[in-house]
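Written out below as structure tokens is the structure these notes cover.
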Amino acid sequence: MVRTMSGIQPTGNLHIGNYLGALVNFVELQQQYESFFCVVDLHALTQRPEAAVLQRAVREVAIGMLASGVDPDKATLFVQSHVPQHSELAWILTCLTPLGDLNRMTQFKDKSAQQPENINAGLFTYPILQTADIALYRAERVPVGEDQDQHLELARETLRRFNFVYGETFPDPQTVRSKAPRVIGLDGQAKMSKSKGNEIGLFETADETMLKLRGAKTDPARLRKSDKGTPEVCNIFSYHGYFTSAEQREEIAAGCRSAQLGCFDCKKMLAANMEAVKGPIRERAAVLRSDPARLDDILAAGADKARAAAEATMQLVRERVGLRRKD
Ligand code: TYM
């Protein structure tokens with residue numbers, strides 16, 4: 001059976017970019033593929049979080065995945081560090097990756113600029129660990145947002161190199177895109193991201209979201225309600241594209257162009273439509289939070305399944321690269 005694999009970093013709260021760009025596809029793909037979804041805590045260490053903060057974030061991301069519809073009866077949901085084979089394979093792949101390939105990674109440059117006081121080697125080799133995540137499960141489908149394109153390209157090149165050097169072992173992992181591969185942040189400038197503070201949290205209440213939307217930029221040419229707007233250049237209207245029916249979107253666009261509908265009302269409609277998606281997720285998350293033992297059980301069962309699959313791959317890999325003892 002074809003396998004799908006993806007991961008999310010526990011480095012802050014999930015936002016609607018994570019949901020629309022990745023999570024909706026996790027839920028979709030688990031219906032037809034053997035699925036492995038992972039909270040990548042080893043990746044998060046590149047930001048040196050406090051231990052207690054990391055522990056909490058791991059649980060919150062797992063809760064977010066489940067609340068969004070990842071079904072532990074269909075998919076294997078686990079924490080990366082519970083499966084030590086990730087680190088083992090990452091080292092083997094590190095020895096196959098030219099420095100030049102890593103030097104090209106724009107995310108390394110971005111992250112280094114964000115944390116100039118902590119440019120550690122893990123930040124640099126980060127995409128190799130990501131390649132190992134995918135390869136361990138010999139995954140052929142990887143649901144991610146557009147920001148992961150370069151990492152996926154590197155993964156394909158590295159795994160092709162492994163196959164060339166050691167013999168055909170890994171399939172080519174293909175990117176699976178959602179309808180929202182790049183959700184823009186509330187600043188209207190950059191990708192929505194935990195590190196930029198421009199996000200709408202998946203667990204936020206309707207009031208919290210409305211407060212953020214109130215301050216969000218709209219069509220810059222529309223200073224007063226009486227000015228006619230251009231929905232196509234408005235970031236808020238782009239969010240309507242993800243949450244609002246085609247019919248209501250047409251009404252909004254017409255109201256904006258004719259200055260019949262003000263930005264505040266347009267934002268209120270958006271907040272209500274977002275709440276229709278976020279509200280049930282928030283409620284399911286609250287139920288999951290109230291039963292920590294259940295979450296422990298789900299993650300323990302997931303780790304068992306993931307370890308078995310990972311170990312099967314590693315036995316083959318160790319043999320191919322010459323690490324297995326011949327008794
Ligand atoms: P992370 O934790 O930054 O993001 C998790 C997922 O959310 C997507 N995403 C977005 N999609 C659309 N618009 C946005 N504004 C937006 N922001 C985030 C990301 O593309 C991602 O799919 N390196 C990865 C985690 C990872 C991984 C893996 C992914 C580790 N190992 C193996 C796939 C396979 C990351 O930092 O994602």
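The values are calculated or read from the model by the stated rules, or taken from the named source; none is laboratory data. On a predicted model such as this, the values are computed, not experimentally measured, just so you know. Don't worry about glycine lacking a Cβ; one is built from the backbone with ideal geometry, like all the others, and counts go over all protein chains shown.
Points to keep in mind about this one:
- Selection of the stretch 204-218 for residues being modelled with pLDDT under 95 and crowded, with 20+ Cβ neighbours inside 10 Å yields only 218.
- Exactly one residue among 85, 47, 55 is under 13 Å from residue 12 (Cα atoms) and in contact with a Ser or Thr (Cβ under 8 Å, 6 or more places away or on another chain), and that residue is 47.
- When the stretch 162-176 is filtered for residues that are crowded, with 16+ Cβ neighbours inside 10 Å and of a type outside the set (A, V, I, L, M, F, W, C), the ones remaining, listed by number, are 166, 169, 171, 173, 175.
- Among the candidates 267, 278, residue that is of a type in the set (Lys, Arg), within 20 Å of residue 57 (Cα to Cα) and crowded, with 17+ Cβ neighbours inside 10 Å: 278
- When residues of the stretch 188-203 are limited to those that are assigned to a loop (DSSP other than H, G, I, E, B) and touching a Lys or Arg at 6+ places or on another chain (Cβ under 7 Å), the one surrounded by the fewest Cβ atoms within 10 Å (Cβ to Cβ): 190
- Residue satisfying condition, being within 15 Å of residue 194 (Cβ to Cβ) and surrounded by fewer than 23 Cβ atoms within 10 Å (Cβ to Cβ), within set 50, 88, 60, 117: 60
- When the residues of the stretch 1-51 are filtered to those that are part of a loop (DSSP other than H, G, I, E, B), of a type outside the set (S, T, N, Q) and within 12 Å of the ligand (Cβ to nearest atom), the one that is farthest from the chain's Cα centre (by Cα) is 12.
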